[in-house]
Amino acid sequence: MQAIIDACASGDIPAKVAVVISNKADAYGLERAKKHNIPTAVLTSEEEIAKELEKYDVDLVCLAGYMRIVGKTLLDKYAGKIINIHPALLPSFPGLHSQKQALDYGVKVSGATVHFVDEGCDTGPIILQATVPVLDKDTEETLSARILEQEHKLYPMAIKLFAQGKLKVEGRKVLVI
């Protein structure tokens, strides 16, 4: 989230963070938002979230650490306007503990994926991906740290492309136009 806030503040992303919403009152993202005078809310139902987003006239919903399947309420209201970042090269290793899954499987390359959100678990059309090598001595923590570095670059880049109107979804493919 800090990478997104910074990219908006610097003008690299032609947008602003309108509101930060969490279902957990102790989420660190809420503190980060408050430090930058960004409104925050702690909400648990999708109906409440949709109403809050509407108050701020949100054009794009960016998920980070949202560990739930997005439901019909938000998917209908924000169709094609919800994105997420995942610490794996989707469609491989969706869901939780992606880095552990990658290590257990023995892959040589892992990475991060920004994708549009649909009704599935990490199944939406892929916007951008970045790779990192998986080293022989990697642990879940060391691999996670290298992937996180890429996430901090990738997510703001995807948001920028969306804000500039440069993303076009054709079936499963996202074209950068």
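Every number in this text was worked out from the coordinates using simple rules, so none of it is lab data. What you are looking at is a predicted structure, and each value in this text was computed from that prediction instead of being measured. When we count neighbours, we look across all protein chains shown, and the Cβ atoms used for this are built from the backbone with ideal geometry, even at glycine.
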Read through the list (1) closer than 22 Å to Gln150 by Cβ; (2) surrounded by 15 or more Cβ atoms within 10 Å (Cβ to Cβ); (3) under 18 Å from the mean Cα position of the chain (by Cα); (4) of a type outside the set (A, V, I, L, M, F, W, C), then give the number of the only condition that Glu46 fails.
(1)
Subset of segment 143-156, residues buried (at least 16 other Cβ atoms within 10 Å of the Cβ) and over 19 Å from Tyr78 (Cβ atoms), comes to Leu143, Ser144, Arg146, Ile147, Gln150, Glu151, His152, Leu154, Pro156
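Just to check your reading of the model, which residue among Ala33, Ala15 is over 13 Å from Val117 (Cα atoms), within 18 Å of the chain's Cα centre (by Cα) and in contact (Cβ under 8 Å) with a residue 40 or more places away in the chain?
Working: Ala33 fails: in contact (Cβ under 8 Å) with a residue 40 or more places away in the chain.
From the options Ala33, Ala15, the qualifying one is Ala15.
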Select, from Ile85, Ile21, Ile38, the only residue that is in contact with a Phe, Trp or Tyr (Cβ under 6 Å, 6 or more places away or on another chain), outside any helix (DSSP H, G or I) and under 23 Å from Leu148 (Cβ atoms).
Ile85
Top-ranked residue of segment 114-142 - restricted to ones that are of a type in the set (Asp, Glu) and touching a residue at least 24 places away in the same chain (Cβ under 8 Å), ranked as surrounded by the fewest Cβ atoms within 10 Å (Cβ to Cβ):
Glu119
Condition (residue is part of a strand (DSSP E or B) and small (Gly, Ala, Ser)) applied to segment 114-124: is it met by at least one residue?
no
For segment 132-177, what are the residues that are of a type in the set (Val, Ile, Thr) and within 25 Å of Lys108 (Cα to Cα)?
Val132, Val134, Thr139, Thr142, Ile147
For segment 22-35, enumerate the residues that are surrounded by 13 or more Cβ atoms within 10 Å (Cβ to Cβ) and out of contact with any Ser or Thr (no Cβ under 7 Å at 6 or more places or on another chain).
Ser22, Ala27, Arg32
Determine whether Lys51 is loosely packed, with under 15 Cβ neighbours inside 10 Å, within 20 Å of Ala15 (Cβ to Cβ) and without any contact (Cβ under 8 Å) to a residue 40 or more places away in the chain.
no
Let me confirm something: among Gly95, Gly111, Gly80, which residue is buried (at least 17 other Cβ atoms within 10 Å of the Cβ), of a type outside the set (A, V, I, L, M, F, W, C) and not in a helix (DSSP H, G or I)?
Gly111
Taking the residues in segment 1-18 that are small (Gly, Ala, Ser) and assigned to a loop (DSSP other than H, G, I, E, B) as candidates, determine which candidate is surrounded by the fewest Cβ atoms within 10 Å (Cβ to Cβ).
Gly11
I'm trying to understand the selection: among the residues of segment 41-77, which are at negative phi, in a loop (DSSP other than H, G, I, E, B) and among the acidic types (Asp, Glu)?
Asp59
